[in-house]
Amino acid sequence: MFSVGYAWGLPVVPRGTTRGVAPNRYCWGMAGGRSVTSLASARASRAEKGPSRVDFKGVVPYSAAATTARLVEALGSNTVADLLGVARDRPGRWARGAGNPDPANRAALAELDALVARLLAAFTPEQAGLWLFGDNAALGARPVDVFRVRGALPVMEAIRAHEQGAVH
């Protein structure tokens, strides 16, 4: 068995697994039925598929102010402040653009934003609040407390387990 990796969006596989290529050598992968053996040919094959640039029109902004405003609207300023471990006036100031979070708080805002988006994809807003602040046997604590201590990943895994029908 061989492992498949990816480089520049193309699979990297042993040559012996691609049609018409000598075994025991490596190539960048297959593009349009032919092997791609160099970075230049990889770029050329991607160019054949069309533009690689996307215009993000109508996309929700992800500035610190926009992210904080979304979180404050969803959770409330005090809850956001408590979850991030900052003074209670900070989220409101960040949402108004009156200040900017430091890099650590910016990362925490992005993590909390991703968690809230995942929650709202899995639950109604009312259910999300109950689930976030209720006891969770799979986590061994309330999800909100697990987020404070361990971050969003274990909470997101618990959401996925809930969606897949895990009993807790």
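The values are calculated or read from the model by the stated rules, or taken from the named source; none is laboratory data. Bear in mind the structure is a predicted one, so any value in this text is a computation, not a measurement. Cβ placement follows ideal geometry from the backbone for every residue including glycine, while neighbour counts extend to all protein chains displayed.
Go through region 134-152 and give me each residue that's exposed (fewer than 13 other Cβ atoms within 10 Å of the Cβ) and free of Cβ contacts under 8 Å to residues at least 12 places away in the same chain.
G134, D135, G140, V149, R150
Which one of these is free of Cβ contacts under 8 Å to residues at least 12 places away in the same chain and in a helix (DSSP H, G or I): A110, A87, A69, A117?
A117
Evaluate region 134-141: report whether one residue or more is in a helix (DSSP H, G or I) and modelled with pLDDT of 90 or more. Lay out the reasoning, then the answer.
Step one: of region 134-141, the residues in a helix (DSSP H, G or I) are none.
No: region 134-141 contains no residue that is in a helix (DSSP H, G or I) and modelled with pLDDT of 90 or more.
Can you pull out every residue in region 68-98 that is of a type in the set (S, T, Y) and either more than 20 Å from the chain's Cα centre (by Cα) or outside the structural domain of D113 (by TED's automatic domain parsing) (or both)?
Answer for region 68-98, where residues must be of a type in the set (S, T, Y) and either more than 20 Å from the chain's Cα centre (by Cα) or outside the structural domain of D113 (by TED's automatic domain parsing) (or both): S77, T79.
Kindly provide the set of residues from region 105-163 that are closer than 12 Å to L83 by Cα and acidic (D, E), ordered by number.
Result: E111, D113, D145.
Counting just the residues of region 155-168 that are in a helix (DSSP H, G or I) and surrounded by fewer than 16 Cβ atoms within 10 Å (Cβ to Cβ), which one comes out modelled with the lowest pLDDT? So that I can check it myself, show each step before the final result.
So the first thing to find is which residues in region 155-168 are in a helix (DSSP H, G or I), and the list is 155-163.
Those left that are additionally surrounded by fewer than 16 Cβ atoms within 10 Å (Cβ to Cβ): 157, 160-161, 163.
Working: E157: 94, R160: 92, A161: 91, E163: 88.
Among those that are in a helix (DSSP H, G or I) and surrounded by fewer than 16 Cβ atoms within 10 Å (Cβ to Cβ), it is E163.
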